[in-house]
1. Mind checking which residues of the range 105-122 are free of Cβ contacts under 8 Å to residues at least 12 places away in the same chain and either among the charged types (D, E, K, R) or assigned to a helix (DSSP H, G or I) (or both)?
2. Quick check: is even one residue across the range 51-67 over 22 Å from the mean Cα position of the chain (by Cα), free of Cβ contacts under 8 Å to residues at least 60 places away in the same chain and surrounded by fewer than 16 Cβ atoms within 10 Å (Cβ to Cβ)?
3. Got a number for residues in the range 165-194 being farther than 19 Å from residue 137 by Cα, crowded, with 20+ Cβ neighbours inside 10 Å and among the β-branched types (Val, Ile, Thr)?
4. Tell me the residue from 168, 162 that is part of a helix (DSSP H, G or I) and within 30 Å of residue 100 (Cα to Cα), please.
5. Name the one entry in 125, 85 that is assigned to a loop (DSSP other than H, G, I, E, B), farther than 23 Å from residue 169 by Cβ and not acidic (Asp, Glu).
6. Any residue in the range 75-82 that is exposed (fewer than 13 other Cβ atoms within 10 Å of the Cβ), charged (D, E, K, R) and either without any contact (Cβ under 8 Å) to a residue 24 or more places away in the chain or part of a loop (DSSP other than H, G, I, E, B) (or both)?
7. For the range 38-49, name all the residues that are surrounded by fewer than 16 Cβ atoms within 10 Å (Cβ to Cβ) and of a type in the set (A, V, I, L, M).
8. Filter the range 29-49 down to residues that are over 15 Å from the mean Cα position of the chain (by Cα) and farther than 15 Å from residue 10 by Cα, then give me how many there are.
Amino acid sequence: MRRLKDLIPLKSLEIHLMPIARFRARHHLCLSEVIGFEALARGPMETALADPQRLFEKAREEGLEEELDLECIRRALLQLDRLSPHLELHINIRPATLSHTKFRRRLLTEVAPAERHRVVLEVPPPELRGDKTYKRRLKNLRADGFRVALDELRGDDEDIDRLRWAGRFDYVHVGRHFMDNALTRPLDHTLGWLREVRVLTDRFNGEIVLEGIRAESVPLLGPISKQGIVLGQGHLFGPPVAALGPTARRQLREAMEYDNGA
């Protein structure tokens, strides 16, 4: 039986951090503060497996997808102590991992109770509406002290239905394809869909995170921020950087400076 180290050298598996920022957008874009970082896995650099999609596709072919995801989660959690205490760590959870017997046990073992509120678990939308097991697992994670985000909404009516059914989330991440499409579709369509999501998230005091924000997105941020949506992620606010590299350390320093009003 193949093991994960047969797929890639484990020392070559890297965690990169990408900032999540609170912004203001009226006459111009202003970064208010960095609230945290999303942890992203990368395979051996300068190989095809540096692309996380290719990495997980290969792991799936070898029957190692869950093992790889658990290892990525473990390594991501190691970054928590390296972040300033006011910063959150957002971690992607793949569908199969959410139901894995080792998943919750690992979280409880790796993260002290007092730090669990800083860990935001980004989970995929439920595949089937009415999946009570899905809702129970999320309820258990929240009871353990973790926060939960619904990840990768695409911008269609099905997403609205899933969000309406799935219940309480601390964050809702709107995928980068939505912002890409917003550049070419009528603004009223974009704002209308976001308004529906906002109404649902307000019910549980959740916040919306827009992914994929880039320079071309800036004209949209003013009207969007008027909807009360002021969290974003994308290359405009900073690309993913190696967790232990100098760029990551600089971003962490800047995050603390923003928090101090510098």
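Values quoted throughout were computed directly from the atomic coordinates according to the rules given, and no laboratory measurement underlies them. Keep in mind the model is a prediction, meaning the values are calculated, not measured. Methodologically, a virtual Cβ is constructed for each residue, glycine included, from the backbone with ideal geometry; neighbour enumeration extends over all protein chains shown.
1. Restricting attention to the range 105-122, the residues satisfying the condition of being free of Cβ contacts under 8 Å to residues at least 12 places away in the same chain are 105, 109, 112, 114.
If the condition is that a residue be free of Cβ contacts under 8 Å to residues at least 12 places away in the same chain and either among the charged types (D, E, K, R) or assigned to a helix (DSSP H, G or I) (or both), then 105, 109, 114 are the ones that fit.
2. Yes, there is a match, as at least one residue in the range 51-67 is over 22 Å from the mean Cα position of the chain (by Cα), free of Cβ contacts under 8 Å to residues at least 60 places away in the same chain and surrounded by fewer than 16 Cβ atoms within 10 Å (Cβ to Cβ).
3. Within the range 165-194, residues that are farther than 19 Å from residue 137 by Cα, crowded, with 20+ Cβ neighbours inside 10 Å and among the β-branched types (Val, Ile, Thr) number 2.
4. On the way: 168 fails: part of a helix (DSSP H, G or I).
Only one candidate qualifies: 162.
5. Details: 125 fails: farther than 23 Å from residue 169 by Cβ.
Result of the check over 125, 85: 85.
6. Yes, that holds for at least one residue.
7. Quick first cut of the range 38-49, residues surrounded by fewer than 16 Cβ atoms within 10 Å (Cβ to Cβ) only: 44-48.
Across the range 38-49, the qualifying residues are 45, 48.
8. Total satisfying the criteria: 7.
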